[in-house]
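Written out below as structure tokens is the structure these notes cover.
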Amino acid sequence: MVKRWLPWVLKGLLSVGLIWFVFNKVDLASAWSQAKTLDPVMLAIAFGLGVLQVLLGAGRWWLVLRALKAAFTPMQALMVYYIGVCFSIIIPVAGDAVRMWKARRSGLSLATSINSVMLERVITILGLILLVAATQPLLLARAPNIPGSWVFPLLSVVGIAGIVFLSQLDRLPASLHHMRLVRGLAHLAGDTRRLFRQPKWAGGTLIVAIIGHANLSLEAYALAVGLGLNIDLIDCLVLVPPVILIMTLPVTIAGFGLRETVMVTAFGYVGVESHSALVLSLLFAFTNIASALPGGLFWLVASEHPGRDEIEEIEHAAEDGVDEDDGNPRQAPEKV
């Protein structure tokens, strides 16, 4: 129990610490005055872009499932993905596990349910890294003093090398194959090759991932326009993806604290005052939370709901590896 909850306690403490640090650096009265100037029309546009982001995420996962020969319909993928997104906001530790559980209960094998979510996460991060590396010249032109210009090109090389390494994990010594984790990694390696050796599916998934990250930049820009900030779309396109990339580090609860710290720092390079950047960061977070909440409606109308022990079982299976199908075919029925 201690091992399970201690990391989340530490993440919570770091989130609180970073929020305290940022809030003590800004003029909160000015931040509140800035927030009250928000144009509700631009807020509605940002919310719409947040909903579009969920649709893009569901499409990305569906493409992975198609590559793995899992006959999930687009509507099934949307419903299950939206439920997972909603849970990732409410209970960050359970979002992917709930998605895996719902996919499993919809007829997919346990291995396909877990591996498809893992691969969707991998290709999403790869798309983010590639987008950040591609826009880095624009970033350096806009903010030449920003540190660590070598980091993102290096991450691109590491990301591609990591996928190649992942696809070869079934070549581990036979003496290790008695371990469930090794057999699970071997199964994941096979699914990785199945995805990336099909340019139609791998390329399509990567393109949708990159479009999704650009869409988040557009969402932030809509909020910035609504607040009357003196920044343009290019600023958001080059600054928001690195912020999101840093937020993928699993060191805080749902990115709170880390997002605000990084956004205040990043937008400071283009002349945005700290209180304005803080308001933009918080609105960006709350807009994405609001756009995720409709997934709760799919949850309420779902025919089945998992217990805590079932979610923990899925989480343990994802951590320990799934080495074979468990009796369910890849074909999924219409019911979710």
For Cα pairs less than 8 Å apart in space and 6+ apart in sequence, what is the mean separation divided by the residue count of the range 1-137, i.e. the relative contact order in percent?
15
Acute angle (nearest 10 degrees) that the helix 274-292 long axis makes with the longest principal axis of the chain, alpha-carbon atoms:
30
Under 10 Å, Cα contacts only: if you run a Gaussian network model on the chain, which one of SER149, SER175, SER88 comes out with the highest mean-square fluctuation?
SER175
I want to make sure I understand the PRE zone here: with the label point 7 angstrom from the Cα of LEU55 toward its beta carbon, which residues in the range 95-138 have backbone N atoms less than 16 Å away?
none
Part-to-part distance (alpha-carbon centres) for the range 40-54 and the range 262-280, which is given in Å:
21
Suppose R0 equals 56 Å. What FRET efficiency, 1/(1 + (r/R0)^6) with r the Cβ-Cβ distance, do ASN24 and GLN168 give to the nearest 0.05?
0.70
Computed E for THR248/SER175 - FRET, C-beta separation, R0 35 angstrom, nearest 0.05
0.50
Against the longest principal axis of the chain, how steep is helix 74-90, in degrees 0 to 90 to the nearest 10, with axes from Cα atoms?
60
Most mobile of VAL132, VAL164, VAL262 per a Gaussian network model of the chain (Cα springs, under 10 Å)?
VAL164
CD proxy at 222 nm, helix term only [per DSSP H run n ≥ 4: -39500 (n - 2.57); per residue of the chain; nearest 500]
-24500 deg cm²/dmol
Of the candidates ALA44, ALA214, ALA141, which one comes out as most mobile in a Gaussian network treatment of the chain with C-alpha springs shorter than 10 Å?
ALA141
Rounded to the nearest 10, the angle in degrees between the Cα long axis of helix 2-23 and the longest principal axis of the Cα atoms of the chain comes to 20
List residues of the range 41-80, by number, whose backbone nitrogen lies under 16 Å from a label position 7 Å along Cα→C-beta of VAL301.
74-80
If R₀ is 25 angstrom, what is the calculated FRET efficiency for the pair ASP232 and ILE160, using the beta carbon separation as r and rounding to 0.05?
0.20
Loop-resident sites, the range 122-221, for chymotrypsin sites (Phe, Trp or Tyr not before Pro), counting at most 16 other Cβ within 10 Å (DSSP)
TRP150
Pop out the ³J(HN,Hα) list for the range 184-198 in order, Karplus 6.51 cos²θ - 1.76 cosθ + 1.60 with θ = phi - 60°, rounded to Hz; leave Gly and Pro as x.
x, 5, 5, 5, 5, 4, x, 5, 4, 5, 4, 6, 7, 8, 10
I need to check one value: relative contact order of the chain, counting alpha carbon pairs closer than 8 Å and at least 6 residues apart, in percent.
36
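Read-outs throughout are calculated quantities, based only on the coordinates presented, and are distinct from any laboratory measurement. Source: prediction; values computed, not measured. Cβ: placed from backbone, ideal geometry, glycine included. Neighbour counts: every protein chain shown.
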